[in-house]
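Below is one structure, written out as structure tokens; comments come after it.
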Amino acid sequence: QVQLVESGGDLVQAGGSLRLSCAASGISLWGNFVAWYRQAPGKQRELVSAITGGGTTNYADSVKGRFTISRDTAANTVYLQMNNLKPEDTAVYYCKARVVYEYWGQGTQVTVSA
């Protein structure tokens, strides 16, 4: 059974940092496309960052220079390091993996207070 489990969400003050984890079981994240999305209350889900199978990364303009996506093959986990957090980063963060099919995690809440 395929499972993606996000963790690391928390309440943090503006300017703080968090590291989100997306741990996979049942599939390998190595060499596959993985992305982080977020959804704030009343808003559509939006792409935050992605890493391709070849390791190419991309970021939404709103997080460039502050967020970093990375992959730990041994741990079968993708991370999202978030620095200099802003209140507008508040959202539920989801990871998605594309391994023939698309799989989503359940999300982790990030709340940034002003």
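The values are calculated or read from the model by the stated rules, or taken from the named source; none is laboratory data. Just so it is clear, the structure is predicted and the values come from calculations on it, not from any experiment. So basically every Cβ, Gly included, is an ideal-geometry build from the backbone, and we count neighbours across all protein chains shown. When the accessible area is computed, the model is the full protein with side chains, heavy atoms only, and any ligands, DNA or RNA have been set aside. Shrake-Rupley method; radii C 1.70, N 1.55, O 1.52, S 1.80 Å.
Computed over neighbours whose Cβ is under 11 Å from that of residue 83, the net charge equals +2, Lys and Arg +1, Asp and Glu -1. Rounded to whole numbers, the Karplus 3J(HN,Hα) couplings from phi for the stretch 92-99 are 8, 9, 10, 10, 9, 10, 10, 10 Hz, using 6.51 cos²θ - 1.76 cosθ + 1.60 with θ = phi - 60°, and x at Gly and Pro.
DSSP finds beta bridges in the stretch 12-114, and of those with both partners inside it, around 95 percent are antiparallel.
Protection proxy ranking, highest mean first, for peptides 24-35, 9-20: 24-35, 9-20, where packing is the per-residue count of other beta-carbon atoms within 10 Å, averaged.
Full extension from residue 30 to residue 52: what is 0.36 nm times the residue separation minus their Cα-Cα distance, to one decimal in nm?
Between residue 30 and residue 52, full extension yields an extra 7.0 nm.
Computed from the C-beta positions of residue 43 and residue 72 and an R0 of 25 Å, the FRET efficiency is 0.25 to the nearest 0.05.
What the chain shows is 52 Å² of accessible area per residue, with the surface traced by a 1.4 Å probe over protein heavy atoms. The string of couplings for the stretch 64-70 from the Karplus curve (6.51, -1.76, 1.60, θ = phi - 60°) is 4, x, 10, 10, 9, 9, 8 Hz, one whole number per residue in order, with x for Gly and Pro.
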